[in-house]
Structure formats: structure tokens, C-alpha cells
Amino acid sequence: MRLVASKWSKFEVLLRHSGVAKHIPTMRRYSVANLKEMLRLFGFVVAKPIVGTGGSRVVKIQKVSNGYFLHYAGTRSTVRTWEELITMLDRLCRKGSFMLQQGIHLTTIEGRPLDYRFKLAKVGKSWRTRAIVGRLARPGLFVTNLCRGGTQLKAAYALRRTFPASLVSSKIATMRGVARTCTMLLESSYPGIGMLGYDFGIDHRGRVWILEVNTKPH
């Protein structure tokens, strides 16, 4: 079974499709100039390793009135100056290449961020849905990964906690449709992949975003 480790490479494939691209947050490779521009545009960005799993070494960076707020592995801190921010990020991101992703204000349950894992596997010549579940971040964290203490919920239940019941089926249908198109695109570029896990986030306005794609989903 083929594995594709680079988050950047997978998103590059998906961005070629206009229908899928509208579900992908703006991304840049990590640099001081790109961070400054992303924070100017969005006020909140997420830095993550281009190669990495399980929510490891993911950093939330937010512009606030008294400086810059960082949330990393359960630790929160605020620095007052740009220079302090860059010094801290240099320490956190010095091992390996990082990317920046537009921050998405995810729906929450009792203040805890929520996203959705949509898992597909290839059986014979066709792809089958294996799971679609909600993942609720552990209190104090913003990453939702189960290996980081996140709680797994039934997708429909999680959606009912955050949207009117009348919207539940349409949100699931959107995720399913986007995942199927993405799977077609990725399989065309990477023959031999046999499993895919899509992490979808939904913001407060109901827009569905692709946060990550895994070829070895847990």
C-alpha cells in the first residue's frame, strides 16, 4: 500500500481542482515573510510539519491586542513583540520543514474544537467508506487527534450539537462528495494508495474545510 507523507504534495494535487480548492484553507510554506502576510490576512494561522502525524508539533498563532498568542501542546503563551514570536517559533519549528495554514474557527462543543474524520479504503476496484466520526479536542488542546486525548463522537450527534438538525445530512453529504472527488484526484497522482483519511473542519458559518489528508489514517 502506497504512503504519501508530504501534506504539501497532497494539497498541491487537490488544489488543481476548482471545486475542491474552495474547501482548502490558504497555505504557505513557513517563512518569516509568509507568516507576517498570513497573520495580516487572517489574524490566526496554524503552523504544522509538512511531514508528521497525530497532531504532533502543531502550533496555533494568533494576533491579539497585546501581541501574539501561541498555543502548543497544551501550553499557552503570549509574547509582546514580533521578534519574540519569531524566536519562539524558530525553537518550535527548527526540526524539519513547516507549512502555514489559514486558521479556521471550528465549531465547538462546550468550548472544545470539533472536526470530522472521513475514512475510505479500497476494496477490489472500488473505494468504500469505513468511518465518519466527530473528534472533540481534549479540554485545553486545540488539536482533536484521538492519540492526543480527543473524544470520538458519532458524526450525526456531533453535527446536531453544533447545527440545526435539518442541516446534518447536507453537511455529511458535502464531506462525502468532497472526499470522493479528492480520492479520485489522489489515486490518479499516486497509484497504489489503498486507504485515505480526510480531516474536515466546519466553521461557525457552516463552511466545510479540508484540514488534512492522510494515506495511513489511524
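For the reader, a short list of remarks on this structure follows.
- Search result, residues across segment 45-70 that are of a type in the set (Gly, Ala, Ser), in contact (Cβ under 8 Å) with a residue 24 or more places away in the chain and surrounded by fewer than 19 Cβ atoms within 10 Å (Cβ to Cβ): GLY52, GLY54
- Output for segment 1-40, where each listed residue is within 25 Å of LYS63 (Cβ to Cβ), open to solvent by less than 40 Å² (accessible area, probe 1.4 Å) and in a helix (DSSP H, G or I): LYS7, TRP8, PHE11, LEU35, MET38, LEU39
- Number of positions in segment 80-109 that are touching a residue at least 60 places away in the same chain (Cβ under 8 Å) and more than 15 Å from the chain's Cα centre (by Cα): 2
- Of all residues in segment 167-183 being closer than 26 Å to ARG112 by Cα and in contact (Cβ under 8 Å) with a residue 40 or more places away in the chain, the one that is most open to solvent (accessible area, probe 1.4 Å): ARG176
- LEU186 being outside any helix (DSSP H, G or I), in contact (Cβ under 8 Å) with a residue 60 or more places away in the chain and open to solvent by less than 40 Å² (accessible area, probe 1.4 Å): no
- For GLY124, the requirement of being farther than 21 Å from ASP203 by Cβ and touching a Gly at 6+ places or on another chain (Cβ under 9 Å) is not met.
- Any pair with Cβ under 7 angstrom, 6 or more apart, that starts in segment 197-210 at a residue that is closer than 25 Å to VAL4 by Cβ and ends at one that is assigned to a strand (DSSP E or B) and among the hydroxyl-bearing types (Ser, Thr, Tyr): PHE200/TYR116; ILE210/TYR198
- Some residue of segment 71-79 being in contact (Cβ under 8 Å) with a residue 24 or more places away in the chain and surrounded by 20 or more Cβ atoms within 10 Å (Cβ to Cβ): no
- The set of residues in segment 94-122 that are within 19 Å of PHE42 (Cβ to Cβ) and not in a strand (DSSP E or B) comprises GLY103, ILE104, HIS105, THR107.
- Of everything in segment 41-93 that is of a type in the set (A, V, I, L, M, F, W, C) and in a helix (DSSP H, G or I), the residue that is farthest from VAL143 (Cα to Cα) is TRP82.
- Complete set of residues in segment 148-166 that are open to solvent by 30 Å² or more (accessible area, probe 1.4 Å) and touching a helix residue (DSSP H, G or I) at 6+ places or on another chain (Cβ under 7 Å): GLN152, ALA156, ARG160
- For segment 131-147, the count of residues that are touching a residue at least 40 places away in the same chain (Cβ under 8 Å), of a type in the set (A, V, I, L, M, F, W, C), touching a helix residue (DSSP H, G or I) at 6+ places or on another chain (Cβ under 9 Å) and in a helix (DSSP H, G or I) is zero.
Residue-wise test of (1) assigned to a helix (DSSP H, G or I); (2) at pLDDT 95 or above; (3) among the aromatic types (Phe, Trp, Tyr); (4) closer than 18 Å to ILE109 by Cα.
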site	(1), (2), (3), (4)
ALA173	yes, yes, no, no
GLY201	no, yes, no, yes
ARG205	no, no, no, yes
ILE210	no, yes, no, no
PRO217	no, no, no, no
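- Considering segment 110-129, and only residues there that are without any contact (Cβ under 8 Å) to a residue 12 or more places away in the chain and basic (Lys, Arg), the residue that is most open to solvent (accessible area, probe 1.4 Å) turns out to be LYS125.
The values are calculated or read from the model by the stated rules, or taken from the named source; none is laboratory data. What you are looking at is a predicted structure, and each value in this text was computed from that prediction instead of being measured. Positions of Cβ are backbone-derived with ideal geometry, glycine not excepted, and every protein chain shown enters the neighbour counts. The accessibility values were calculated without ligands, DNA or RNA, using every heavy atom of the protein model including side chains. Shrake-Rupley method; radii C 1.70, N 1.55, O 1.52, S 1.80 Å.
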